[in-house]
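The values are calculated or read from the model by the stated rules, or taken from the named source; none is laboratory data. Model, not experiment: these values are computed from the prediction. A quick note on method: Cβ atoms are made from the backbone with ideal geometry, for glycine too, and the neighbour counts reach across all protein chains shown. Side chains included, ligands, DNA and RNA excluded: accessible areas come from the protein's heavy atoms. Shrake-Rupley method; radii C 1.70, N 1.55, O 1.52, S 1.80 Å.
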Amino acid sequence: GKFINELTASWEIIKTIFIDIKTGWPWFVFIFISLSIAQHMRLSPADLVGSLSGIPFILLLLFLLNLVFYFIGGFTNLRFLSVIFQVESIIVILLIVAIIFSLMTLIIGILIKLITSGIWKLFSLFRR
């Protein structure tokens, strides 16, 4: 039923990103460079300290939302659960795509390391 439809939609998104791209290799180079930069970004200590002030607000907001849904019976409403499931499906799809790109980055990094270390060894053989 609905779960199979969500899986089919997930596969179509992943297929579109990796197989049906009509732009060719420049798109993959752009994605690789973008993800390589994003994976090496880190929050500074000042960013972490600044984010601590928002935690009480987020917890209060979640508590109020839970309180509202408790009184209106939102979690027993099938339409509401369907919307929640769709949002969670989108998040899972994005996480799967991120994992695939991370694995691609890892494999490319390992290949570059193997190639450069092999070339370095080859040059060292000729120096002797």
Here's a check for you: in the range 1-45, which residue that is exposed (fewer than 10 other Cβ atoms within 10 Å of the Cβ) and of a type in the set (D, E, K, R) is modelled with the highest pLDDT? R42
If you check every pair at least six apart or on different chains, which have Cβ atoms under 6 Å apart with a residue in the range 81-104 that is touching a residue at least 12 places away in the same chain (Cβ under 8 Å) first and a residue that is open to solvent by 70 Å² or more (accessible area, probe 1.4 Å) and part of a helix (DSSP H, G or I) second? I93/I13
